Amino acid sequence: MTDATQIKPDFMRFVKRNIRDYALLLSLLAIMVFFQFNTNGTLFKPVNMTNLLLQNSYIVVMALGMLLVIVAGHIDLSVGSVSGFVGAVAAVLMTGTSPNPDLFTIPKFDFVTASILCLALGGAIGAVQGYFIAYYKIPAFIVTLAGMLIFKGLALSVLGGASVGPLPPTFQLLSTGFLPDIFDVQLFGAPFNLLALLIGSLITALLIYFNFRERRSQLQHGLAEEPEIIFYGRNVLIAVALVGFSFIMGRYKGLPNVLIVMFSLIALFVFITTRTTFGRRIYAMGGNEKAAKLSGVNTERLTFWIFTIMGALAALGGLIFAARLNVATPKAGAGFELEVIAACFIGGAAVTGGVGKIIGAVIGAFIIGVMNNGMSIMGIGIDWQFVIKGAVLMFAVFLDVYYKNKG
């Protein structure tokens, strides 16, 4: 018997179980609609949407690694300083600028070699911090706090207290370049980047295809929990959002290069956290480290690799930020760690570890980004911007603790 009295409880149980995920997405949509109306339509303008992506790309990239760290039950306070330090090293290597020319000179590297060296440097920094955390059991808070101070000082030393730039134009394309349009199309009397719309439509089609394939597999094995109305509604929302976004990007210069990098990393980390043994072990360790260790998980090695990944992503974030500014400054990276950590917690990561999703961290980063962008357009002072963002973070953590205690 499948009457409404049986269907409704299943529907309500699914909604209650996943209310945090849907509430997060609806919150982002509500915030965007709010600022769209209160900025007289400025938020969704193609130029502003592009700026929004460029301004938050490095935060999203670092949030991917931070989510792994938080899910594992740790924290990393050094990501801002590491990104600033790596950006400084990159600028010095690409320009051949020595902080003390009288003592030594620095050879000038091409941007590809310099970028590879800097990513390796970031990974090495994360590995060193991860080694002390994993094998000497020093709390991550202390190790990364020390790292934050160390690399902030090293950044000042490498730059000699001054800004270094400009950087090579080819390197700047990482943050300021766009995929070239291979079509010559006009829309409403203005150039339109058709390639952006085609790529967005293709990605949308692939996502929906994989969603339906997974749904079919779940139905065959009797594992489908998501009600049909929510499943179809979610896919319609995905299609409208991605195709609409691609259309907006097409009306300006198309898809930024950094968006391709960011989307590729998001897809990679979603796969790692949901489809690999490495990802499942991170959640197991964050949920109960002793139980994971007794189950055969090498928690020390896992922690080591998590912080190595975080270091490499912090380095990439530093490169993206330096490419966007076209200069490395002593203040680069200041406060990044706060926004990256806030993005993860707003995105649903649990303060106690073991809970969190990559997509949630990305949505959390864009919630902060949209708020920053919208409040700036509205003319809200920086003082009240900090107050509002702090209140949002506090509310997000409160909800996490509340639902956990209620459960």
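Of these, Ile266, Ile272, Ile260, Ile230, which one is assigned by TED's automatic domain parsing to the domain that holds Val60 and in contact with a Phe, Trp or Tyr (Cβ under 9 Å, 6 or more places away or on another chain)?
Values: Ile266 fails: in contact with a Phe, Trp or Tyr (Cβ under 9 Å, 6 or more places away or on another chain); Ile260 fails: in contact with a Phe, Trp or Tyr (Cβ under 9 Å, 6 or more places away or on another chain); Ile230 fails: assigned by TED's automatic domain parsing to the domain that holds Val60.
Just a single option satisfies the conditions, and that option is Ile272.
State all residues of region 135-176 that are crowded, with 16+ Cβ neighbours inside 10 Å, among the aliphatic types (A, V, I, L, M) and over 17 Å from Ala314 (Cα atoms); if no residue qualifies, say none.
Leu156, Val158, Leu159, Val164, Leu167
Restricting to region 320-341, name every residue that is buried (at least 24 other Cβ atoms within 10 Å of the Cβ) and at positive phi.
Gly333, the sole residue that qualifies.
Could you pull out the residue among Gly279, Gly296 that is in contact with a Ser or Thr (Cβ under 7 Å, 6 or more places away or on another chain), free of Cβ contacts under 8 Å to residues at least 60 places away in the same chain and assigned by TED's automatic domain parsing to the domain that holds Ile125? Please lay out each step first, then the result.
Details: Gly296 fails: in contact with a Ser or Thr (Cβ under 7 Å, 6 or more places away or on another chain).
On inspection, the qualifying residue turns out to be Gly279.
If you go through region 61-80 one residue at a time, do you hit one that is touching an Asp or Glu at 6+ places or on another chain (Cβ under 9 Å), of a type in the set (Ser, Thr, Tyr) and not assigned by TED's automatic domain parsing to the domain that holds Gly233?
Within region 61-80 (the criterion being touching an Asp or Glu at 6+ places or on another chain (Cβ under 9 Å), of a type in the set (Ser, Thr, Tyr) and not assigned by TED's automatic domain parsing to the domain that holds Gly233), the answer is yes, since at least one residue qualifies.
Hey, could you check region 392-407 for residues that are exposed (fewer than 14 other Cβ atoms within 10 Å of the Cβ) and under 21 Å from the mean Cα position of the chain (by Cα) and say which is modelled with the lowest pLDDT?
Phe395
Go through Gly130, Gly123 for me and flag whichever is touching a helix residue (DSSP H, G or I) at 6+ places or on another chain (Cβ under 7 Å) and crowded, with 24+ Cβ neighbours inside 10 Å. Steps first, answer last, please.
Numbers: Gly123 fails: crowded, with 24+ Cβ neighbours inside 10 Å.
The unique qualifying residue is Gly130.
Looking only at residues that are part of a helix (DSSP H, G or I) and among the hydroxyl-bearing types (Ser, Thr, Tyr) in region 235-282, which one is farthest from Tyr22 (Cα to Cα)? I'd like the intermediate steps shown before the answer.
As a first pass, look at region 235-282 and keep what is part of a helix (DSSP H, G or I): 235-250, 257-275, 277-282.
From what is left, the residues that are among the hydroxyl-bearing types (Ser, Thr, Tyr) are 246, 264, 273-274, 277.
Values: Ser246: 23, Ser264: 24, Thr273: 20, Thr274: 19, Thr277: 27 Å.
So the residue we want is Thr277.
Residue-by-condition table, conditions (1) charged (D, E, K, R); (2) exposed (fewer than 13 other Cβ atoms within 10 Å of the Cβ); (3) closer than 26 Å to Gly200 by Cβ; (4) free of Cβ contacts under 8 Å to residues at least 12 places away in the same chain:
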residue	(1), (2), (3), (4)
Glu226	yes, no, yes, no
Gly233	no, yes, yes, yes
Ile238	no, no, yes, no
Met249	no, no, yes, no
Leu268	no, yes, yes, yes
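The values are calculated or read from the model by the stated rules, or taken from the named source; none is laboratory data. Quick caveat, the model's predicted, so the values are computed rather than measured. With ideal geometry, Cβ positions are generated from the backbone for all residues, glycine too; neighbour counts draw on all protein chains shown.
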